[in-house]
1. Given the condition among the hydrophobic types (A, V, I, L, M, F, W, C), out of contact with any His (no Cβ under 8 Å at 6 or more places or on another chain), part of a helix (DSSP H, G or I) and over 19 Å from Leu108 (Cα atoms), answer yes or no: does some residue in region 179-198 qualify?
2. Answer with yes or no whether Ile85 is hydrophobic (A, V, I, L, M, F, W, C), closer than 19 Å to Lys13 by Cα and in a helix (DSSP H, G or I).
3. I want to confirm something. Restricting to region 1-57 and keeping residues that are of a type in the set (D, E, K, R), surrounded by 15 or more Cβ atoms within 10 Å (Cβ to Cβ) and more than 19 Å from Asn233 (Cα to Cα), which single residue is modelled with the highest pLDDT?
4. Does any residue of region 119-128 turn out to be modelled with pLDDT of 80 or more, crowded, with 19+ Cβ neighbours inside 10 Å and not in a helix (DSSP H, G or I)?
5. Are any of the residues in region 109-117 open to solvent by less than 50 Å² (accessible area, probe 1.4 Å) and either touching a His at 6+ places or on another chain (Cβ under 7 Å) or outside any helix (DSSP H, G or I) (or both)?
6. Would you check if Lys74 is open to solvent by 80 Å² or more (accessible area, probe 1.4 Å) and either over 23 Å from Ile48 (Cβ atoms) or under 16 Å from the mean Cα position of the chain (by Cα) (or both)?
7. Does any residue of region 88-102 turn out to be touching a residue at least 24 places away in the same chain (Cβ under 8 Å), more than 29 Å from Leu243 (Cα to Cα) and open to solvent by less than 60 Å² (accessible area, probe 1.4 Å)?
8. Of all residues in region 60-99, how many are over 12 Å from Val25 (Cα atoms), basic (Lys, Arg) and modelled with pLDDT under 90?
Amino acid sequence: MSDSIRPHTIVIKVGSALIAPNGKVDKHHCLPAISHYINQCTLAGSRIVLVSSGSVAAGKYLFTQKTPSAIVKKAMAATGQSEMIATWDSMLSSPCAQLLLTQADLQLNSRYINVKSTIYELLDSGIIPIINENDAVVSEHLEVGDNDNLSAMIAACIHADTLVICTDIDGLFNANPRTNTNATLLKEVDAITPNILDMAGGSDSNVGTGGMITKLQAAQKATDHGIDTFIINGMKPTSFEALLN
């Protein structure tokens, strides 16, 4: 199917704090609202690509190390990935497929074409690709590093129409809303300037790797390719109701 006649395609990135907030997958925390949104989108004819963090966080409860080494985190990722995929598969109305990628898969032309072609084939077959960085085996020089930027790279690769980045706050504020009660939500950003980037801090989550800065970097990548980008609070069902409306 040519790009010009493809149905509306949405890439959704879901972070670790929404999937496994306490070191284990929580099917009752945020996932019901997210799954309902995805199911409603597919019912309406949109095609969904899900970029799902959470493999390390999901596997954490099976390991005893309080400060896990790099290799233990890889083992956590290998363990948690299967549980995470099984959870999504049980909650989504469409069949799911797993793709684990490294930066090399999106840099080398032959691999890039294979990634794009495989995702298109899955979407054409009514299957939801669930993508994550291959944390169990990736080396430092081949890692993307965070799934915010990975989601933007995937969105650009498949010429998606929309990128939705789910996080645990309402969006971009002009200051850290967790420490500054006067912080103001910026409901719309026309251009990601150095001043906008300066507003972003690090990650406050103890299970994720990306803060607001990586979300803005991802938004910049996506919007440079003409992809509408939303940063929403994935902990609030009303966020998904608003998107559906």
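1. Within region 179-198, the subset among the hydrophobic types (A, V, I, L, M, F, W, C) is 183, 185-186, 189, 191-192, 196-197.
Checking which are out of contact with any His (no Cβ under 8 Å at 6 or more places or on another chain) leaves us with 183, 185-186, 189, 191-192, 196-197.
Checking which are part of a helix (DSSP H, G or I) leaves us with 196-197.
When the remaining residues are screened for being over 19 Å from Leu108 (Cα atoms), the result is 196-197.
Yes, region 179-198 contains a residue that is among the hydrophobic types (A, V, I, L, M, F, W, C), out of contact with any His (no Cβ under 8 Å at 6 or more places or on another chain), part of a helix (DSSP H, G or I) and over 19 Å from Leu108 (Cα atoms).
2. yes
3. Going residue by residue through region 1-57, those that are of a type in the set (D, E, K, R) are 3, 6, 13, 24, 26-27, 47.
Subset that is surrounded by 15 or more Cβ atoms within 10 Å (Cβ to Cβ): 6, 13, 24, 26, 47.
Now drop any that are not more than 19 Å from Asn233 (Cα to Cα), which leaves 6, 24, 47.
Working: Arg6: 70, Lys24: 84, Arg47: 97.
Out of the qualifying residues, it is Arg47.
4. Checked region 119-128: at least one residue is modelled with pLDDT of 80 or more, crowded, with 19+ Cβ neighbours inside 10 Å and not in a helix (DSSP H, G or I).
5. No - not one qualifying residue is present in region 109-117.
6. Against the criterion (open to solvent by 80 Å² or more (accessible area, probe 1.4 Å) and either over 23 Å from Ile48 (Cβ atoms) or under 16 Å from the mean Cα position of the chain (by Cα) (or both)), Lys74 does not qualify.
7. yes
8. Number satisfying all stated conditions: 2.
The values are calculated or read from the model by the stated rules, or taken from the named source; none is laboratory data. Remember, predicted model here, so these are calculated numbers, not experimental data. Cβ atoms come from the backbone with ideal geometry, glycine included; neighbour counts cover every protein chain shown. We work out accessible area using only protein heavy atoms, side chains counted, and drop any ligands, DNA or RNA first. Shrake-Rupley method; radii C 1.70, N 1.55, O 1.52, S 1.80 Å.
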